[in-house]
Structures are given as C-alpha cells and as structure tokens.
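A short write-up of the structure that comes next.
The values are calculated or read from the model by the stated rules, or taken from the named source; none is laboratory data. This one's a predicted model, so the numbers in the text were calculated from it and none came from an experiment. Glycine gets a Cβ as well: all are built from the backbone with ideal geometry, and neighbour counts include every protein chain shown.
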Amino acid sequence: MGGLVDYRPGCQGLVNHSSAGIIMEHIEGLEVKNVNMKWHGDQSSSWSNPLDFRPWTVNDISLLNFHSDFDNSDGNVAS
C-alpha cells in the first residue's frame, strides 16, 4: 500500500509511492526538533518508513529528539 506523490515540476502527474511519515528530496540544511510520530489505527499497516529520503539529494539534516511509535489500536503503545 502507499499513496500518491506529486513530484512537479520535474514529473508530470502523480507517482505511486510508499506512505512515509516524512519524505525528503533535494534538501540542503534541515533541522527537525521534538517530533513524536505515531502510527495509529486500522490503517497503520499501510504506512512504511518513518523517514524516506534519497541520500544523494539530502545533505546536512539534523534530527533532535525524534521518536516514532506504533499504536496497535488496543490502547497500548509499542516502541
């Protein structure tokens, strides 16, 4: 499963892509602080990686205090 991503202006139309929490491409310098990403509910099986990026297009990123958890929808959170 996945979703559609719009890569314009370089690509015409939408492209099928796995569903990531954050998709990064063509970045030079990014700082992300205090993120709590939770995969939740019945559709959590359709999610892929928390972070998806192409290493040759992403430089100088910093993730500070980044957490990703899965909520198995019974009220308990598994890390």
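Things to note:
- Across segment 1-31, the qualifying residues are those that are of a type in the set (A, V, I, L, M), surrounded by fewer than 14 Cβ atoms within 10 Å (Cβ to Cβ) and touching a residue at least 24 places away in the same chain (Cβ under 8 Å), and the one among them that is nearest to Ser68 (Cα to Cα) is Met1.
- Residue count for segment 51-79, restricted to those that are modelled with pLDDT under 80 and exposed (fewer than 10 other Cβ atoms within 10 Å of the Cβ): 5.
- Scanning segment 47-63 for residues that are closer than 18 Å to Ser18 by Cα and either without any contact (Cβ under 8 Å) to a residue 12 or more places away in the chain or not polar (S, T, N, Q) (or both) turns up Trp47, Pro50, Leu51, Asp52, Phe53, Arg54, Pro55.
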